[in-house]
Amino acid sequence: MGSSEIKNFGILGYPVGHSLSPQMYKAAFEAAGFVNYNYIPFSIQAGRLFMAVEAIKGLNFRGMNVTIPHKTTITGYLDAIDSDAMVIGAVNTVVNDGGMLTGYNTDVYGFLASLREANFLPEDSHAVILGAGGAARAILWGLCKKKAEFITIGARNPQKAQTLANDFLNYGNVEGFDWNSESFKEMIQTADIVINTTPLGMFPNVDDMPPIDLKLLPEGALVYDIIYNPSDTKLIKTAKELGFPTLNGLSMLLLQGKESYRLYTGEEPDMEVMAKTLERILSAR
C-alpha cells in the first residue's frame, strides 16, 4: 500500500462544482499513502465530451468518474463497457489501461451493498421505485439482478415510467404507473421497499417530496431516499414520523465510491476516512 508514483483521476460533469467526489477520493488516497495521486473536477459541456475522453488518453489519466449529463453519452466513446453498464445504459466510472478505456457502473454495486448493510433482502420483495430517470435505471437493474418478485415504477410521466419498465421486462416483473393514479396507490399498499430516485427534496429545495402517501405502506416497509443532502429529506422525515425504517443516499454514495476506488487501484479504501470526510463536508453546508 502506498506509492510515490504520479497518477491522475477526475470527474466529468456539467455542472460539477457540487460533487463531493474530489474530497472523498483525495482523503482515501492520502490515507492509503498515495501521496502523488491527484483528483480533479472537470466541467465539460455536452458538445465537448468527445474531446474530454480523448484527453483522458492523451494525458494518461488513470480513471474518471462521470456524472450528469454525460453518463449515457460517454458509452459511445469508450473501448469497452462492462455488463452492468451495458444493461443500464450508463457509465459512472472509466478506467484507463494503457489507452484502452473501459466503462463501469458502480451505482448498482453501491445500491445493493447499501441494502445489505441495512439488512434488507431484495429477493422476492415488492419494490417501488419513484422516478424514471437515469438514476432509476441502476436501481432497477440491481433489483432485477437480485430477483425482486415485482417492481413498480411510479413517475410524474406515466409513459416514461412504462418505457423504462419495458426496457427491463426481459429481466423481471416490472410495470410503470402515473404516481398520482389510484392504481399506483393500490400497488404501494403491498410494498416492501420504496426508493426515491428523483431530486425532489434535494438541497436547496428541502420542502419538496414525491407525491406518495406513506400511510398506505404496510408496516415495516423500508423507505430509501438516494438523496444525501440533506441527510433527512422531507420524505425521510415523514417516514420516520410514521415509524418506518429509513435509509438515505450517503451509504450508496460511499459504497459506489468504494467500488470505483477498487477499480482504479486494485485495493480497498479506508471507508471510515471516506465517510468522515463526507460527513464533515455535509455538516458544514
Could you go through region 277-285 and let me know if any residue there is buried (at least 18 other Cβ atoms within 10 Å of the Cβ) and closer than 19 Å to Lys26 by Cβ.
yes
By residue number, the members of region 1-39 that are over 23 Å from Met271 (Cβ atoms) and in contact with a Pro (Cβ under 8 Å, 6 or more places away or on another chain) are Gly13, Tyr14, Val16, Gly17
Do the conditions hold for Thr73, that is, is it of a type in the set (Val, Ile, Thr), touching a strand residue (DSSP E or B) at 6+ places or on another chain (Cβ under 7 Å) and in the same structural domain as Phe29 (by TED's automatic domain parsing)?
no
Among the residues of region 68-106, which ones are assigned to a strand (DSSP E or B) and free of Cβ contacts under 8 Å to residues at least 60 places away in the same chain?
Ala80, Ile81, Val94, Asn96, Asp97, Met100, Leu101, Thr102, Gly103
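Quick one: which of Leu263, Leu235 is out of contact with any helix residue (DSSP H, G or I) (no Cβ under 9 Å at 6 or more places or on another chain) and not in a loop (DSSP other than H, G, I, E, B)?
Leu263
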Restricting to region 33-67, count the residues that are in a loop (DSSP other than H, G, I, E, B), among the β-branched types (Val, Ile, Thr) and surrounded by 14 or more Cβ atoms within 10 Å (Cβ to Cβ).
2
Only one of (1) under 21 Å from Tyr228 (Cβ atoms); (2) in contact with a Phe, Trp or Tyr (Cβ under 6 Å, 6 or more places away or on another chain) does not apply to His126, and that is (1)
Yes or no: region 135-143 includes at least one residue that is of a type in the set (Phe, Trp, Tyr) and in contact with a Pro (Cβ under 8 Å, 6 or more places away or on another chain).
no
Just the residues that are of a type in the set (Phe, Trp, Tyr) and touching a strand residue (DSSP E or B) at 6+ places or on another chain (Cβ under 7 Å), please, taken from region 222-279.
Tyr224, Phe244, Tyr264
Sole miss for Glu182 among (1) of a type outside the set (S, T, N, Q); (2) farther than 21 Å from Val108 by Cβ; (3) in contact with a Pro (Cβ under 9 Å, 6 or more places away or on another chain) is condition (3)
Which one of the conditions (1) touching a Ser or Thr at 6+ places or on another chain (Cβ under 6 Å); (2) under 18 Å from Ile227 (Cα atoms); (3) among the β-branched types (Val, Ile, Thr) does Ile68 fail to meet, given that it meets all the rest?
(1)
Members of region 225-235 that are in contact (Cβ under 8 Å) with a residue 24 or more places away in the chain and either surrounded by fewer than 22 Cβ atoms within 10 Å (Cβ to Cβ) or farther than 18 Å from Lys185 by Cα (or both):
Asp225, Ile226, Ile227, Tyr228, Asn229, Pro230, Ser231, Thr233, Lys234
Examine region 10-22 for a residue that is in the same structural domain as Glu259 (by TED's automatic domain parsing), modelled with pLDDT of 95 or more and surrounded by fewer than 15 Cβ atoms within 10 Å (Cβ to Cβ), and state whether such a residue exists.
no
Name the residue, out of Thr265, Thr238, that is closer than 17 Å to Thr106 by Cβ and crowded, with 16+ Cβ neighbours inside 10 Å.
Thr265
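The values are calculated or read from the model by the stated rules, or taken from the named source; none is laboratory data. All values derive from a computational prediction rather than experimental measurement. Glycine gets a Cβ as well: all are built from the backbone with ideal geometry, and neighbour counts include every protein chain shown.
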